[in-house]
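S.K.: Quick one: structure below, then a few questions.
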Amino acid sequence: RVATGQAFKHLNFLSIFLFLFFISLIISAIFAVNPYRAFWGDLERGEGLFGFLHFFAFLIMSIAIFEKKDWLNFFKISLGVGFIVIFYAFLQYFGAKNFPFLFISEERPISFIGNPAFLATHMFFVMIFAIVVFFGNSSKIFKPLNFETFKLLFWRYFSLLIIPLSAITIFLTATRGAILGLLVGVFALLIYFVFKSFKPLNFKTFKHLNFIPLSLLILIIIFSAFFWFTRDAAIWQKIPGLNRLAQTATMDKSDASTQFRLMTWKLSWEAFKEKPIFGWGQENYLTAYQKYYNPDYAIYGESWLDRAHNKIFDLLVMQGIFGLLAYLGIFASVIYVLFKKDGLMTKFIVAALIGYFVQNLFVMDQIVSDIMFFAVLGYAISFKSLNSEILKTLNFETLKLLNFKTIVLRLAGLILIIILGYSLYSYNYIPYIQAKTFGEAKKIDQASLIEEKLKQASQPYNFSQFNLRAHIVDYFYDNQPYVFQAEKYKPLFDSFIGLIDEAAGKEPYDIRMFIRKTQMSQSMAINYPELYKEAEESMRKAIELAPNRQELYYNLAFTLLGQKKFQEAVEVSQKAVELSPNVARAHYHLAFVLAVIGPQYADKIIYEMEFAEKLSPNFEGLRDNDHNIIALVYSRLGQLDKVAEIVKRSIDMRLPIRFLSDYYEEAIGYYIATRDTENLIETADYYGNYNQKAKEDMEILIDLVKKGNWEIIDNLSK
């Protein structure tokens, strides 16, 4: 009773909201659309209930164990890691190469985080840790210099250096939400300094406002307004970070990133209204996304989103209003706990947390930010001295006062060790071995040995299998497509189908599994036509889950063509167009279906192709293989000039696509017929570098062209 009373006495709102958030995770997992995935999460995010149990365990242990010096050491280590992360981000931004452990990032820096937005998020926590270390090493600075004071001086100035470096890194990532969050955090800090006296604001007290922060505040407002109204000016395109911020256009479809977010937030709101209390469950966002998919997504390219790119909407969809209120309570409480403490340190931390919250309105949390956020929560709770008080009351001695026998405690400890051991074996070691075995299968050429590896790697079925099976199937389909085409590989093909069928049977919520089965079946149906029917059934199941996704109708139309259900194939393709008439890909696919059926639709085909080209003059929103479909349609129409045009356009635009050899050769044939020397040489050179088998022939052709030997070229091309 004494221990319980003492513990309850020291509970604060932060602890209560943390408890409610944990309860929300449990309830949302129980009532999730896919409870299995809500509990375990997946390999990509790791944010199921099981993953959050680790975060909460870390929080509890840090509160119970860490003292002030331990927190400082933890933050110093984090600062050291943060400096390395920043250093590599700078290397990537300035295009460094051949530096140890350096990942080459073609666009924005990602350092070791793997994503520029996630890197920017991490910088807010690096700044928080730097603030703590800076203020935590302020005492004894002016004592005679020795080793101890040297360390204090080093960490004080090192942490001070890290703060601007972190801010610069945010700008280098060009993550607009993070830049906005940083500016809002600075804005909030300046407001605090302006009104630090907390005197009533009137004409007499106006003179008490701090002049410097007030001046900076006014300058920020003026600069922000000037920037926004002149954002089209060329000067902003030369400043890292501000260049992307200047491109933000909420009403302009040219800003695909912004349009994606706006559509996703609207979709998320509709999904929330269906399950408003406890949501769809952790890691179940994709299921809601599929159901409420906006066909206009395909204008910018078909995507798969498992998060809303907005923390608020993520919580609304996956944990409902209960989870959102608990999370907001955590944030409000931690800011209150820190802000009420005397001293500047906590005010700077609050400003950084505000920036982190704002940037999370445009991105999602992930395992790195989750761990860091729970570390900050633990540090904030330590301000309430909960660690010392609860640790004094809830120990082995006080537990005896609660009538727990020593034998019971030992038994509980033994059970905990057994559970931990089983968890390490079943949910860490086995998935590791399975992933390793799948990796070994990718290096084998013999079909029977691949089958054996697949059997070994696929049992027992656990939380990692869904991701691992999808990965191995995608790898073989993309890199060894003959496995799904040649009759002799039918047993191996059946093994892959079996992997997908079992995963889809246990977790029939991710329609990508149905797409995989359909595309594999379509490839092998050349030899086994009955597979078209299985592919059709798979697509119809997917359409039930995602009735607005055009990609499903494309695949269904292909399976219907294979069964010679021509009229139905046309109707399905037309349905895809009707979902969003402004999607070029839908018009191209309709034209393709009509071209396969026959030349009687020539006028309609030409109309659809021309309309699609107006919608997507630079191939926006298309996938790699779509270019072959476009070339095929023009080839069937006999318009070799259009085949040559799209091949040449892809070369000029440096698009990462490869046409089938037939279309490069048709383009070259057209340039020979029209005596277009310049385009002929460029296309032949590109094709020769792409297809090593044709390289020698292309070199001979280029030499003949340069010498003007057209008679020889004409004879060779016949």
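The values are calculated or read from the model by the stated rules, or taken from the named source; none is laboratory data. What you are looking at is a predicted structure, and each value in this text was computed from that prediction instead of being measured. For neighbour counting, all protein chains shown are included, and Cβ atoms are generated from backbone atoms with ideal geometry for every residue, glycine included. Remember, those area values only see protein heavy atoms, side chains included, never the ligands or the DNA or RNA. Shrake-Rupley method; radii C 1.70, N 1.55, O 1.52, S 1.80 Å.
S.K.: Pop out the Kirkwood hydrodynamic radius of the chain from its pairwise C-alpha distances, inverse of mean 1/r, in Å to one decimal. Don't skip to the answer; put the middle values down first.
M.R.: Working: mean 1/r = 0.0334 Å⁻¹.
Kirkwood radius, the chain: 29.9 Å.
S.K.: Ok, one more. At 0.36 nm per residue, minus the direct Cα-Cα distance, what do residue 427 and residue 604 gain on full extension? Give it in nm, one decimal, please.
M.R.: Gain in length upon complete extension: 58.1 nm.
S.K.: Starting from the Cα gyration tensor of the range 462-566, multiply each eigenvalue by 5, take the square root, and state the resulting semi-axes largest first in whole Å.
M.R.: Semi-axes (√(5λ), whole Å): 20, 19, 11.
S.K.: Arranged from highest to lowest average of other beta-carbon atoms within 10 Å per residue, in what order do the peptides 458-465, 567-574 appear?
M.R.: The most tightly packed comes first, giving 567-574, 458-465.
S.K.: Could I ask something else about it? Give me the Kirkwood hydrodynamic radius of the range 47-89, using the inverse of the mean 1/r over all pairs of distinct Cα atoms, in Å to one decimal.
M.R.: Computed over Cα pairs of the range 47-89, the Kirkwood hydrodynamic radius comes out at 12.1 Å.
S.K.: Let me ask you something else. Share of the range 49-148's accessible area from carbon and sulfur, percent, 1.4 Å?
M.R.: Answer for the range 49-148 is 68 percent, counting heavy atoms of protein chains only.
S.K.: What distance in nm separates the two pseudo spin-label positions at residue 26 and residue 690, each 7 Å out from Cα along the beta-carbon direction?
M.R.: Inter-label distance under the simple model: 5.9 nm.
S.K.: In the range 16-86, with Lys and Arg counted as +1 and Asp and Glu as -1 at Cβ, which of these residues, 79, 59, 16, has the Cα nearest the positive end of the dipole, that is, farthest along it?
M.R.: 79
S.K.: Find the relative contact order for the chain and round it to a whole percent, using C-alpha pairs within less than 8 Å whose residues are 6+ positions apart. Intermediate values should be presented prior to the final figure.
M.R.: Numbers: 910 pairs, mean separation 93.8, N = 718.
It rounds to 13 percent for the chain.
S.K.: A follow-up question, please. Per DSSP H run of at least 4 residues, take -39500 (n - 2.57); add these up for the chain, divide by its residues and hand me the 222 nm value, nearest 500 deg cm²/dmol.
M.R.: Here the helix-only value at 222 nm equals -22500 deg cm²/dmol.
S.K.: Apply the a/c threshold of 1.5 to the C-alpha gyration tensor of the range 1-133 and tell me whether it is rounded, prolate or oblate.
M.R.: oblate
S.K.: How would 328, 267 line up by accessible area, probe 1.4 Å, largest first?
M.R.: Sorted descending by solvent-accessible area, the residues read 328, 267.
S.K.: Mind listing the phi-derived Karplus ³J(HN,Hα) values for the range 304-310, rounded to whole Hz, using 6.51, -1.76 and 1.60 with θ = phi - 60°, and x for any glycine or proline?
M.R.: Coupling constants for the range 304-310: 10, 10, 9, 8, 8, 6, 6 Hz.
S.K.: For the range 537-571, list residues with backbone N below 17 Å from a point placed 7 Å from the Cα of residue 530 toward its Cβ?
M.R.: 537-538, 563
S.K.: Provide, as a two-decimal number, the C-alpha radius of gyration of the range 539-682 over 2.2 N^0.38 Å, N being how many residues it has.
M.R.: Numbers: Rg = 15.9 Å, N = 144, 2.2 N^0.38 = 14.5 Å.
Ratio of Rg to 2.2 N^0.38 Å for the range 539-682: 1.09.
S.K.: Any idea what % of Cα-Cα pairs in the range 582-658 are farther than 13 Å?
M.R.: Percentage above 13 Å: 63.
S.K.: With 20 Å as the cut-off, how large is the P(r) tail for the range 237-340, expressed as percent of Cα-Cα pairs?
M.R.: 50 percent
S.K.: Anything over 22 Å Cα to Cα? Flag those among 575/604; 291/442; 68/311; 488/693; 151/196, in the order listed.
M.R.: 291/442; 68/311; 488/693; 151/196
S.K.: With 5 Å bins from zero, work out the P(r) of the range 278-338 over every alpha carbon pair and list the percent per bin.
M.R.: Calculated P(r), rounded to whole percents: 4, 18, 22, 19, 14, 10, 7, 4, 2, 0.
S.K.: Using a 7 Å offset from the Cα along the Cα-to-Cβ direction at both residue 345 and residue 215, what is the distance between the two label points in nm, to one decimal?
M.R.: 3.0 nm
S.K.: For a quick size check, give me the Cα extents of the range 23-76 along its three principal axes, largest first, whole Å.
M.R.: 45, 24, 10
S.K.: At 1.4 Å probe size, with every protein chain present, just tell me what the per residue accessible area of the chain comes to in Å². Present the calculation step by step, with values, prior to reporting the outcome.
M.R.: Working: 35740 Å² over 718 residues.
Value returned for the chain: 50 Å² of accessible area per residue.
S.K.: What is the ratio of the Cα radius of gyration of the range 409-485 to 2.2 N^0.38 Å, with N the residue count, to two decimals?
M.R.: 1.47
S.K.: Along the three principal axes, how long is the range 667-718 when you take its alpha carbons, biggest first, rounded to the nearest angstrom?
M.R.: Principal-axis extents of the Cα atoms in the range 667-718, largest first: 26, 19, 17 Å.
S.K.: Here's another thing I want to ask about it. With each pseudo-label sitting 7 Å past Cα toward Cβ, what's the residue 662-residue 77 distance in nm, one decimal?
M.R.: Calculated label separation equals 6.1 nm.
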